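What follows is a single structure, written as structure tokens, with notes after it.
The values are calculated or read from the model by the stated rules, or taken from the named source; none is laboratory data. Because the structure is predicted, anything quoted here is derived from the model rather than measured. All Cβ positions, glycine included, derive from the backbone under ideal geometry; neighbour counts span all protein chains shown. Just so you know, the surface numbers come from the protein's heavy atoms only, side chains and all, with ligands and any DNA or RNA stripped out. Shrake-Rupley method; radii C 1.70, N 1.55, O 1.52, S 1.80 Å.
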Amino acid sequence: MNSHTAISVNNVGVSFRSRDGDTNTVLQGVDFDVEHGQFVSIVGQSSSGKTTLLKTISGLQPATAGEVLIKGAPIAAGVTEIGMVFQSPVLLPWRNNLANVLLPLEFRGTRDANAKAKAKQLLAMVGLEGKAKRYSYELSGGMQQRVAICRALVSNPELLLMDEPFGALDAMTRDSMNFEIQRIWRQAGCSVLFVTHSISEAVWLGDRVVVVGGRPGHIVADITIDLPRPRDKEHRYSTEFAGYVSEVESHIGVTAGIS
Ligand SMILES: Nc1ncnc2c1ncn2[C@@H]1O[C@H](COP(=O)(O)OP(=O)(O)O)[C@@H](O)[C@H]1O
Ligand SMILES: [Mg+2]
């Protein structure tokens with residue numbers, strides 16, 4: 001860990017105990033750092049423990065071994081340094097978009113005089129200027145997910161955790177969200193951990209692609225994606241891009257079929 005480290009995941013293990021007393025170790029010896037401002041993609045087979053890893057980093061799920069440090073300090077439940085976006089936007093239908101974005105501040109009792117301006121500024125940043133008073137049923141899936149991203153960013157988190165955030169969107173909306181998220185991330189200035197099933201999405205967005213695999217789950221590869229930024233469409237057709245995709249695929253393949 002150095003002074004630029006946003007989070008350190010130190011030798012983390014997570015085990016669940018079933019009702020009949022069996023122990024299921026889902027993660028073991030997970031060890032990596034994320035630098036401040038870095039975008040790290042996470043891929044791996046279904047049930048490899050990706051969601052468990054994000055929940056552990058957020059403090060929602062306690063680690064049974066090791067520790068997670070945010071800027072060198074242990075995480076506490078409900079930390080404001082972390083924002084989370086899930087596959088489903090889970091907006092409250094009786095609250096308008098602005099009120100949905102403000103929700104975490106109200107929960108934590110940290111809504112102040114500047115909160116509304118901040119929420120409006122975030123909505124404008126994601127291209128929803130003028131939609132503050134709209135309700136989620138008036139928005140497309142992509143727009144709803146943008147509101148969820150604003151809600152996660154409203155407390156200026158050091159780290160944004162995203163668990164397959166575009167998984168429920170149609171292919172074209174997903175594509176445009178891939179462009180948007182790069183811009184949003186650069187403007188927000190936070191670090192991102194981004195779980196996805198799409199290897200090309202992982203490579204295209206990430207400074208690194210971390211592959212989770214094996215049983216118990218651990219990091220089987222951590223690949224630095226040395227493509228220029230900002231990334232545009234051309235990069236997806238480059239030989240370098242294809243090389244990274246194939247490298248990531250080979251690591252997922254290695255861990256496939258073990259049960
Ligand atoms: N709260 C829990 N209690 C028991 N087992 C769990 C719990 N959460 C996840 N698991 C198990 O952990 C494994 C990994 O799950 P998950 O982290 O959701 O994987 P992924 O997100 O990679 O698909 C699965 O086998 C799942 O059944
Ligand atoms: Mg998952």
* Structure fact -> Helix 171-188 sits off the longest principal axis of the Cα atoms of the chain, rounded to the nearest 10 on a 0 to 90 degree scale, by 80 degrees
* In whole Å, what are the Cα extents of region 151-236 along the three principal axes, biggest one first? -> 36, 34, 27
* With a probe of 1.4 Å, find how much accessible area the chain has per residue, and write the answer as a whole number in Å². => 47 Å²
* Relative contact order of the chain, defined on C-alpha pairs under 8 angstrom at six or more residues apart (%) -> 24 percent
* To do: May I ask you to evaluate 6.51 cos²θ - 1.76 cosθ + 1.60, the Karplus curve with θ = phi - 60°, for each residue of region 231-238 and list the ³J(HN,Hα) values in order in whole Hz, giving x for glycine and proline?
  => 8, 10, 3, 3, 4, 6, 9, 7
* From largest accessible area down, sort Y237, Y135, Y244; use a 1.4 Å probe on the protein chains. => Y237, Y135, Y244
* Find how much the distance from A65 to S176 grows on full extension, using 0.36 nm per residue of separation minus their present alpha carbon separation; answer in nm with one decimal. => 36.1 nm
* Structure fact -> With all protein chains in place and a 1.4 Å probe, V90 shows an accessible area in Å² (nearest 10) of 90 Å²
* To do: Please work out the C-alpha center-to-center distance from region 30-98 to region 201-250 and express it in whole Å.
  => 20 Å
* Which percent of Cα pairs goes in each bin when the distances of region 13-102 are cut into 10 angstrom slices starting at zero? -> 13, 39, 32, 15, 2
* **Within the accessible area of region 136-227 (1.4 Å probe), percent carbon and sulfur** => 48 percent
* List, in order, the whole-Hz ³J(HN,Hα) value for each residue of region 3-20 obtained from phi through the Karplus relation with A = 6.51, B = -1.76, C = 1.60 and θ = phi - 60°; use x for Gly and Pro. => 5, 9, 6, 7, 9, 10, 9, 10, 6, 7, x, 9, 10, 10, 10, 7, 4, 8
* Structure fact -> To the nearest 20 debye, region 91-156 has a Cα-centred charge dipole, built from +1 on Lys and Arg Cβ and -1 on Asp and Glu Cβ, of 60 debye
* **Per-residue SASA entry for M162, accessible area with 1.4 Å probe, Å² rounded to 10** => 0 Å²
* Asked: Got a sec to turn the phi values of region 114-124 into Karplus ³J(HN,Hα) couplings, 6.51 cos²θ - 1.76 cosθ + 1.60 with θ = phi - 60°, whole Hz, x for Gly and Pro?
  -> 8, 4, 4, 4, 4, 5, 5, 5, 5, 4, 5
* Have a look at the DSSP beta bridges in the chain and tell me what percent are antiparallel, nearest 5. => 55 percent
* Dipole magnitude (debye, nearest 20) for the chain, charges at Cβ of Lys, Arg, Asp, Glu -> 1080 debye
* Asked: In terms of modelled amide H atoms, which long-range or inter-chain residues lie less than 5 Å from the amide H of M84?
  -> L161
* **Per-residue SASA entry for D232, accessible area with 1.4 Å probe, Å² rounded to 10** => 60 Å²
* From zero up to wherever the largest Cα-Cα distance of the chain sits, split into 5 Å bins and tell me the percent of pairs in each. => 1, 6, 13, 17, 18, 17, 13, 9, 5, 1, 0
* Ellipticity estimate at 222 nm from DSSP helix runs (n ≥ 4, -39,500 (n - 2.57)) divided over the chain, nearest 500 -> -10500 deg cm²/dmol
* Asked: If you take the charge dipole of the chain about its Cα centre, with +1 on Lys and Arg Cβ and -1 on Asp and Glu Cβ, which of I199, I149, A132 is farthest toward its positive end?
  -> A132
* Structure fact -> Note, S88: beta-carbon cut-off 12 Å, +1 each Lys/Arg, -1 each Asp/Glu, net -2
* Asked: Relative contact order of region 91-156: what whole-number percent is it, with Cα pairs under 8 angstrom and at least 6 residues apart?
  -> 50 percent
* Asked: About its Cα centre, what dipole magnitude does region 110-259 give when the only charges are +1 on Lys and Arg Cβ and -1 on Asp and Glu Cβ, stated in debye to the nearest 20?
  -> 840 debye
* Asked: Once the Cα atoms of region 91-156 are picked out, what are the Rg and Dmax in Å?
  -> 10.6, 30
* Structure fact -> Taking every C-alpha to C-alpha distance in region 47-178 and binning by 5 Å from 0, the per-bin percentages run 2, 10, 19, 21, 19, 14, 9, 4, 1, 0
